[in-house]
1. Taking only the C-alpha atoms, wrap a convex hull around segment 187-284 and report its volume per residue in Å³ as a whole number.
2. Give me the one-decimal nm value for the distance between modelled label points at residue 225 and residue 300, 7 Å along each residue's Cα-to-Cβ direction.
3. What's the exposure ranking of 365, 88, going from fewest to most Cβ atoms within 10 Å?
4. What is the packing order of peptides 342-349, 189-196, taking the mean over residues of other C-beta atoms within 10 Å and listing the highest first?
5. For segment 125-274, take the alpha-carbon Rg, divide it by the Kirkwood Rh, and send me Rg/Rh.
6. What do you get for Rg/Rh of segment 291-446 when both radii come from the Cα atoms and Rh is the Kirkwood radius?
7. How many nm is it between the label spots at residue 151 and residue 238, if each spot is 7 Å from the Cα in line with the beta carbon?
8. Expressed in nm to one decimal, what extension gain is obtained for the pair residue 257 and residue 323 from 0.36 nm per residue of sequence separation less their Cα-Cα distance?
């Protein structure tokens with residue numbers, strides 16, 4: 001268990017490293033203390049020598065007058081009257097009179113010793129010896145003001161803390177637009193361009209907020225233009241593709257035309273799938289409004305998709321995927337059609353890159369718990385060559401195809417994993433990829 005003091009120290013160190021406000025306030029405080037210490041030290045050095053030389057004869061003459069006033073032999077009554085009239089302490093020692101006004105000898109000795117550096121090997125400045133052999137030691141009385149330095153110290157500390165708090169509040173207000181800029185950048189990064197960054201001031205930070213708003217507006221305009229272009233092209237391509245496929249299917253299924261007919265149907269099918277994927281990616285990019293939610297048992301749906309892959313083979317083959325479906329999974333509110341699309345894309349991708357592998361691709365659906373909520377986790381793994389570590393973060397980007405074995409020669413145009421990520425995010429989930437060595441594992445977490 002971490003102790004509170006250590007935890008506070010760790011938080012303070014983290015704030016000092018990562019908070020611009022804390023660093024600025026600390027800089028101001030250190031600079032103020034350094035300037036004050038330098039000024040005081042310099043002034044003391046500049047004035048102390050000259051002031052002592054000027055004050056020594058005045059103090060010596062005044063001590064002589066006080067010693068004469070006490071008398072010889074020393075009069076205790078005169079000494080008491082002197083201490084009541086002036087802030088001085090008197091210590092008389094000798095053959096007849098031994099008396100001190102200060103009841104704390106250690107304080108008397110301390111204050112007397114503080115003035116010994118004035119002597120410079122000369123006769124003692126604050127001591128006098130009378131004609132009858134008595135010694136009179138004078139000093140500054142500490143009775144009236146011995147607590148004054150403590151009060152001054154506490155007041156000084158309170159003033160420094162108050163000034164630091166004021167400096168922090170001012171810096172906090174000065175850098176307030178940075179919070180708005182950070183929040184705006186996060187909104188823009190997530191695709192929410194509807195709310196611009198508020199411009200609170202006319203200084204450099206206000207100009208920065210205005211520039212970021214202008215940049216975000218330009219990016220939003222470019223994204224909308226790209227989305228509109230993709231939608232227009234996709235919609236416009238659907239009709240001629242449908243007509244071309246219909247005309248191709250009317251060709252004879254026998255003779256010399258048959259092989260070219262089949263090849264043309266496959267190409268048209270790939271183009272149709274590409275257009276469908278483009279439209280689907282744009283719909284999912286709009287978020288949750290595109291979903292049609294219903295109660296779905298993912299284990300049952302995953303088994304159906306795996307069976308459909310077998311049925312779609314010409315001719316149908318045996319087992320294509322190794323299934324590990326946990327029983328009793330929680331029923332989630334999902335879009336069945338899009339979850340089927342996600343599972344099919346993941347399995348198609350795993351089958352395509354498991355050609356010649358020693359093991360079948362695996363599909364695992366199991367329970368997942370996070371923050372007290374029950375969800376489901378889908379894992380699809382192939383046992384192929386995997387991907388380069390540098391390409392792994394980009395696999396779920398649209399139209400991205402690494403230059404390794406997962407290139408165009410292996411099939412696909414780079415939209416499959418991107419669509420899977422969009423489906424997972426639209427359901428409030430996430431998609432993660434990792435090199436399983438061998439092969440690639442894709443994990444989708446829902447709920």
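1. Per residue, the Cα convex hull of segment 187-284 comes to 94 Å³.
2. 5.0 nm
3. On the way: 365 24, 88 18.
Fewest-to-most Cβ neighbours within 10 Å comes out as 88, 365.
4. Details: 342-349: 22.8, 189-196: 11.8.
Taking the mean over residues of other Cβ atoms within 10 Å, the ranking is 342-349, 189-196.
5. Values: Rg = 42.3 Å, Rh = 24.7 Å.
A ratio of 1.71.
6. Answer for segment 291-446: 0.95.
7. A separation of 8.7 nm, rounded to one decimal place.
8. Details: separation 66, 0.36 × 66 = 23.76 nm, distance 4.11 nm.
Taking 0.36 nm per residue and subtracting the Cα distance, the gain is 19.6 nm.
Any read-out appearing in this document is the output of simple, stated calculations on the displayed coordinates, not a laboratory observation. Note that this is a predicted model, so its numbers are computed, not measured. Cβ: placed from backbone, ideal geometry, glycine included. Neighbour counts: every protein chain shown.
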